[in-house]
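Some notes on the structure that comes next.
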Amino acid sequence: MTTLLSPLSQSVSTSAALTLRITEIFYSLQGEARTVGLPTVFVRLTGCPLRCVYCDTAYAFSGGEMQSLEQIVTAVAAYQPRYVTVTGGEPLAQKNCLPLLVALCDAGYEVSLETSGALPVAGVDPRVCKVLDLKTPASAECHRNDYGNIALLTRNDQVKFVICDREDYEWARFKLDEYQLPGRVSDVLFSPSHGQLHGRDLAQWILDDRLPVRLQLQLHKLLWDDAPGH
Ligand code: SF4
């Protein structure tokens with residue numbers, strides 16, 4: 001005899017079958033982007049195919065533990081958040097990141113995805129705010145930028161440049177114009193690379209050139225000195 005599953009039990013069994021490798025799930029203040037300062041649950045996926053010279057999450061390159069999509073959604077719900085950020089590593093390096101994003105949106109959260117810009121964002125749920133890096137020359141991963149992603153960005157998304165020096169700044173300024181980024185996304189973020197460029201210098205350059213970008217100073221580093229879990 002064939003047993004028919006209801007749509008609900010089908011989706012539960014599907015989410016239990018999907019797994020992702022997770023480095024950490026934690027509750028903190030958002031340190032970057034347009035929701036900076038707001039309480040947020042972070043889901044940090046393990047693994048990244050890039051090696052940016054300034055990477056501050058190398059501990060997420062390996063290790064972690066396999067969790068079912070159902071376990072992850074349950075862990076997030078325990079914090080009763082409004083905002084959830086899926087990050088890494090590079091979260092899109094795991095194919096099950098896409099159904100995770102759908103599940104988090106379906107649960108009613110305001111979901112953002114922090115991605116390196118090196119992998120295609122075509123399958124990302126349109127309800128998700130994509131925070132897409134464009135890697136600058138001094139990151140040593142500039143050649144990994146997938147510029148095809150830019151056409152897929154909307155006013156719900158953001159673009160981030162981590163800037164290490166004046167040459168990076170000039171490069172970012174050129175890309176701003178080349179891709180007309182300020183009119184394409186809600187925010188363009190210029191972030192000084194921690195320990196490499198003083199925020200005050202970057203602030204002055206932005207003011208001198210009257211750039212329509214937001215300077216961001218990574219609140220979590222100012223508050224907690226970049227300790228994991230924040
Ligand atoms: S993409 Fe992000 S996680 Fe990956 S190496 Fe660069 S900074 Fe680190």
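Below are the figures for this structure:
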item: Selected residue [within 16 Å of the ligand (Cβ to nearest atom) and over 17 Å from Leu20 (Cα atoms)] from Cys55, Cys48, Cys97; result: Cys55
item: Qualifying positions in the stretch 182-226 - in a helix (DSSP H, G or I), over 19 Å from Ala138 (Cβ atoms) and aliphatic (A, V, I, L, M); result: Leu207, Leu219, Leu222, Leu223
item: Pairs, first free of Cβ contacts under 8 Å to residues at least 60 places away in the same chain in the stretch 19-35, second aromatic (Phe, Trp, Tyr), C-beta under 9 Å, six or more apart; result: Ile25/Phe42; Ile25/Tyr79; Tyr27/Phe42; Tyr27/Tyr79
item: Failed item in (1) assigned to a loop (DSSP other than H, G, I, E, B); (2) farther than 15 Å from His230 by Cα; (3) out of contact with any Phe, Trp or Tyr (no Cβ under 8 Å at 6 or more places or on another chain), with Cys48 passing the rest; result: (3)
item: Evaluation of Ala107 against (1) within 12 Å of the ligand (Cβ to nearest atom); (2) over 30 Å from Cys164 (Cα atoms); (3) of a type in the set (A, V, I, L, M) (one fails), failing number; result: (1)
item: Some residue of the stretch 183-190 being farther than 28 Å from Thr154 by Cβ, surrounded by 19 or more Cβ atoms within 10 Å (Cβ to Cβ) and touching a strand residue (DSSP E or B) at 6+ places or on another chain (Cβ under 8 Å); result: no
item: In the stretch 191-230, residue surrounded by the fewest Cβ atoms within 10 Å (Cβ to Cβ) [restricted to those that are basic (Lys, Arg) and within 17 Å of the chain's Cα centre (by Cα)]; result: Lys221
item: Pairs, first among the acidic types (Asp, Glu) in the stretch 84-112, second within 16 Å of the ligand (Cβ to nearest atom), C-beta under 6 Å, six or more apart; result: Glu90/Cys48; Glu90/Ser116
item: Index of the failed condition, Gly31 passing every other in (1) surrounded by fewer than 20 Cβ atoms within 10 Å (Cβ to Cβ); (2) away from the ligand (no atom under 12 Å from the Cβ); (3) within 13 Å of the chain's Cα centre (by Cα); result: (1)
item: Of the criteria (1) closer than 16 Å to Thr23 by Cβ; (2) out of contact with any Ser or Thr (no Cβ under 6 Å at 6 or more places or on another chain); (3) away from the ligand (no atom under 13 Å from the Cβ); (4) of a type outside the set (A, V, I, L, M), which one Pro81 fails; result: (1)
item: Subset of the stretch 54-102 that is among the acidic types (Asp, Glu) and out of contact with any His (no Cβ under 8 Å at 6 or more places or on another chain) - its residue that is surrounded by the most Cβ atoms within 10 Å (Cβ to Cβ); result: Glu90
item: Cross-chain or 6+ apart pairs with Cβ under 9 Å, the stretch 55-68 first and under 19 Å from Asp226 (Cβ atoms), then more than 12 Å from the ligand (Cβ to nearest atom) and part of a helix (DSSP H, G or I); result: Asp56/Lys221
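Read the figures in this text as sums done on the coordinates, not as results from a lab. Bear in mind that the values here come from a model prediction, so they are computed numbers and not experimental data. Quick reminder, even Gly has a Cβ in these numbers, built from the backbone with ideal geometry, and neighbours come from all protein chains shown.
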